[in-house]
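Report on the structure given below.
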Amino acid sequence: MHILNGRTSFGFFVAPLVFCTVVFLQVLSPVPATANEADETSFAAIQARRDVLFDATLNDPTNLDIAFEYAMLSAEVGDYEAAISTLERMLVFAPGLPRVQLELAVLYYRIGATDTAQYYLDAVSQQELPPSVRGRVDEFATIIGKQSRPYRFSGTVQAGFQGHSNANLAPNQEAIIIGGVPITLGPGASGQSDTNFFALAQLHFTHDLPGQGSLFEVDTTLYTTNYFDINRLDMNLIEVAAGPSFSLGRYGWDNSRLGVYGIFGASTLDGHHYSSTLGLGTRLRSQINERVFLDVLLEGRSVDYKNGPNYPTASLQSGEAYRAQAQFTALLNTNLLTLFTLEARLVDGEQDFKSYAAYAMSARANYYFTGYSGGILADNAPWTLSFAAGGLMRDYDGPDPFIDPMNRQDDNAYWIEASLGIPLEKDFSAYITGQYLGQNSNYATRDYEGAILTFGVSKRF
């Protein structure tokens, strides 16, 4: 059966995606730090020096210079436990050493133990320090202070209007050919232009858990849209992903987190209950270095669709949906940010013609520059010029008997986009986005193209 081929192809896509991600982490991971900065000979030399220093600390445990050098080399190769235990032992022989307390604060922060890091930072802050050391302490205090609050809340809210040349994503012509027979589409079955209002909120909440670097995180997405004419496209959606995440600093992956979460969602379409969602996911987020970030997720959902007056066969889509995604973000310089995304989806509906495997990729470049300021425009805030493009291949498992009982549906979709973001006061911004999108399909009813023009404002908090 074709569905086996579709699932196999999905596996063949996801497996290389995960493999490439793991290889990417191994190549760029800062663990051990020296492995990225020196060759194997230098790394071996540091390890040999550590062995000598370790024996020396056993023979002379009160020698603080030897102990400190051993701790710093241990931190350099990623052995944070050895570094921390050595520094804490030093404080037994010489309580209150500012340099040791500061290094302990940094190391505990790197493994995600922000409470302990704050304790040592408070201790060193109360002492008389040289200006250079005081500056480093103050800078680190600002960083750790933002992450040491037990509860943190952030997010983005945006709203605006969109003009669509083909709002219902239907064929652009009224006459199409199905199975060699010319068909004239009825009212509303061909592409229609329309305008809609939309609002989107993406909220993030975190709460510190007792474990070192452990958090409970909640991500909430709220979306609503209302069309001026085609009311059957009106939609409301809520999705919540909640679960713990764990710092990987103790395993040598600085600034990296692994999370697991449950997914809960519901939506309405055309004023009627359209879908309910339950699922599970896992996510790896890692700051590889100062300029490169990686975000990988794997999710599985069970989705129950409900029929409605304008969607009498929606329930045929009910079933399981699986998703794998990897996003690479690179800050090429202070003005240019790039993103590259790979994604695979497998949808297993009640019927083969509602089941498919889809593979997508997209790329985005954001250019930041100094624009006009004054009035309601924010001072010293960058404007953003963004260009993006993406494509998708979708392969259905079986033919739709209502359209073509002999051939299954195959789609190739694409889009390009340009956007300008203008910073306003108090973390508001305005933006204008132009997008052109289309889909080539062997089903004439699924062939379309169109353009979208968006005017919106957003608020960060």
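The values are calculated or read from the model by the stated rules, or taken from the named source; none is laboratory data. Since the model is a prediction, treat every value here as computed from it, not as a measurement. Reconstructed Cβ throughout: ideal geometry from the backbone, glycine too, with neighbour counts over all protein chains shown.
Out of the residues in region 375-397 that are part of a strand (DSSP E or B) and more than 20 Å from ILE432 (Cβ to Cβ), which is farthest from the chain's Cα centre (by Cα)?
ASP397
Determine if region 401-414 includes at least one residue that is among the hydroxyl-bearing types (Ser, Thr, Tyr) and modelled with pLDDT of 95 or more.
Checked against the condition, which is being among the hydroxyl-bearing types (Ser, Thr, Tyr) and modelled with pLDDT of 95 or more, region 401-414 yields at least one hit.
Can you tell me which residue among ALA418, ALA381, ALA430 is touching a residue at least 40 places away in the same chain (Cβ under 8 Å) and either touching a His at 6+ places or on another chain (Cβ under 7 Å) or of a type in the set (Gly, Ala, Ser) (or both)?
Matching residue, one of ALA418, ALA381, ALA430: ALA381.
Is region 301-311 home to any residue that is out of contact with any helix residue (DSSP H, G or I) (no Cβ under 9 Å at 6 or more places or on another chain) and either among the small types (Gly, Ala, Ser) or crowded, with 17+ Cβ neighbours inside 10 Å (or both)?
Checked region 301-311: at least one residue is out of contact with any helix residue (DSSP H, G or I) (no Cβ under 9 Å at 6 or more places or on another chain) and either among the small types (Gly, Ala, Ser) or crowded, with 17+ Cβ neighbours inside 10 Å (or both).
Going through ALA430, ALA451 one at a time, which residue ends up being over 29 Å from GLY375 (Cα atoms) and surrounded by fewer than 18 Cβ atoms within 10 Å (Cβ to Cβ)?
So the residue among ALA430, ALA451 that is over 29 Å from GLY375 (Cα atoms) and surrounded by fewer than 18 Cβ atoms within 10 Å (Cβ to Cβ) is ALA451.
Can you tell me which residue among LEU331, LEU336 is modelled with pLDDT under 95 and more than 20 Å from GLY390 (Cβ to Cβ)?
LEU331
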